[in-house]
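Down below is the structure, laid out as structure tokens.
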Amino acid sequence: MIRIPCPNCGPRNSSEFSYFGELGSRPAPDAVDPAHWRHYLYDKKNPAGWTTEKWYHASGCRKFFAIERNTLTNDVKSGRPFGVESSSEESS
Amino acid sequence: MVARSPIRARGPVGREHGWEVSTTARKGGLELCDLTPYSKVLVRAGVLSKAAEVLGCALGLARRAPDGTLVAGTGPGEWLLVSGAGTWPALADEIGGGDPTALTTVVDVTHGGFLIRLSGADSRRVLEKICAIDLSDGVTPDGAVFRSSVARIVCDVIRDDDGGVRSYLLHGDRSAGQYLFDAVLDAGSEFSIGISGYREKEA
Ligand SMILES: [Zn+2]
């Protein structure tokens, strides 16, 4: 069981959530060429280690938020509401 | 015309406020009761809005309004108001007024959901079998509210003790009502759970 720290509800079983992939900044659709848009949609870093991800708490507050998760150990550092920046966050 | 709960009424059946309800006598001890006919109103508003101030209840907490309405902070900017069958909570009318520019929605979800009450000293042990939340008094005391998975069904859970007896209200989507009722009964069978008939709002 992975425990996900929801910023609204506290730690919950990961079965309450939906995973929405790596967090990246969305380019403005009218100011980007197709190659960049495709990169944003499909090219993931998929690191073996710490990554920042978007999750949705479907069985709780029904809000999106970001967490930092280690893909090797499944350790989770923090959960924060969407739009609140973290110092270690990278854009892709 | 008669309204029916998604949960089949057991035992003798009567009518209350246009709803078909079970008139089985109150069992006492560990009991499960279908209270779906109670009025249920969903409110959405900004957490810093005038409406939130009037509702007077933060996320994760419940309180009783002067007219007996149970106000529960079920989500960020989301509240559930529960009042007696056939009534409309006075608070629901008060919150719209203050600020005409604020987006506030008030929706009657009475017929869209189920509401059941699990009461008795062993209710914690029953709920613990089907819900992963810490139900100790330190984490979820009387008046605590949370939304989580109960027997794999998303429920608003309100700890609402009844005259000093531990009690939980469970609210969720109508289509899951019968399943969840049966799942709670199944979990409670080892503690001799029983079904009690419908009763009017106790407040
Ligand atoms: Zn949550």
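The values are calculated or read from the model by the stated rules, or taken from the named source; none is laboratory data. Because the structure is predicted, anything quoted here is derived from the model rather than measured. Glycine gets a Cβ as well: all are built from the backbone with ideal geometry, and neighbour counts include every protein chain shown. Protein only, heavy atoms only, side chains kept; ligands, DNA and RNA dropped before computing areas. Shrake-Rupley method; radii C 1.70, N 1.55, O 1.52, S 1.80 Å.
Could we say that B:Val106 is hydrophobic (A, V, I, L, M, F, W, C), within 14 Å of another protein chain (Cβ to nearest Cβ) and surrounded by 14 or more Cβ atoms within 10 Å (Cβ to Cβ) here?
Criteria not met by B:Val106.
Tell me which residues, restricted to the range A:37-77, are over 15 Å from A:Glu22 (Cα atoms) and open to solvent by less than 40 Å² (accessible area, probe 1.4 Å).
A:His57, A:Ala58, A:Ser59, A:Gly60, A:Cys61
Can you pull out every residue in the range B:126-172 that is open to solvent by 40 Å² or more (accessible area, probe 1.4 Å), within 12 Å of another protein chain (Cβ to nearest Cβ) and part of a strand (DSSP E or B)?
Result: B:Val154, single match.
How many residues are touching a Lys or Arg at 6+ places or on another chain (Cβ under 7 Å) and closer than 24 Å to B:Ile193 by Cβ if we restrict to the range B:27-63?
Residues in the range B:27-63 being touching a Lys or Arg at 6+ places or on another chain (Cβ under 7 Å) and closer than 24 Å to B:Ile193 by Cβ: 3 in total.
Which residue out of A:Pro34, A:Pro81, A:Pro29 is at pLDDT below 90 and exposed (fewer than 11 other Cβ atoms within 10 Å of the Cβ)?
Just a single option satisfies the conditions, and that option is A:Pro29.
With respect to B:Val150, determine if the residue is at pLDDT 95 or above, touching a Cys at 6+ places or on another chain (Cβ under 7 Å) and in the same structural domain as B:Ser119 (by TED's automatic domain parsing).
Taking the combined requirement at face value, the residue satisfies it.
Return the total of residues in the range A:1-13 being surrounded by fewer than 16 Cβ atoms within 10 Å (Cβ to Cβ) and either away from the ligand (no atom under 16 Å from the Cβ) or outside any strand (DSSP E or B) (or both).
2
Which one is modelled with the highest pLDDT among residues in the range A:44-68 that are charged (D, E, K, R) and more than 16 Å from the ligand (Cβ to nearest atom)?
Among residues in the range A:44-68 that are charged (D, E, K, R) and more than 16 Å from the ligand (Cβ to nearest atom), the one modelled with the highest pLDDT is A:Glu68.
All but one of (1) assigned to a loop (DSSP other than H, G, I, E, B); (2) modelled with pLDDT of 95 or more hold for B:Ala203, so report the exception by its number.
(2)
Part of a loop (DSSP other than H, G, I, E, B), free of Cβ contacts under 8 Å to residues at least 12 places away in the same chain and among the aliphatic types (A, V, I, L, M) - does that describe any residue in the range B:24-36?
Within the range B:24-36, none of the residues are part of a loop (DSSP other than H, G, I, E, B), free of Cβ contacts under 8 Å to residues at least 12 places away in the same chain and among the aliphatic types (A, V, I, L, M).
Give B:Tyr179, B:Tyr198 a once-over and let me know the one that is without any contact (Cβ under 8 Å) to a residue 40 or more places away in the chain, open to solvent by 20 Å² or more (accessible area, probe 1.4 Å) and more than 26 Å from B:Cys57 (Cα to Cα).
Just a single option satisfies the conditions, and that option is B:Tyr179.
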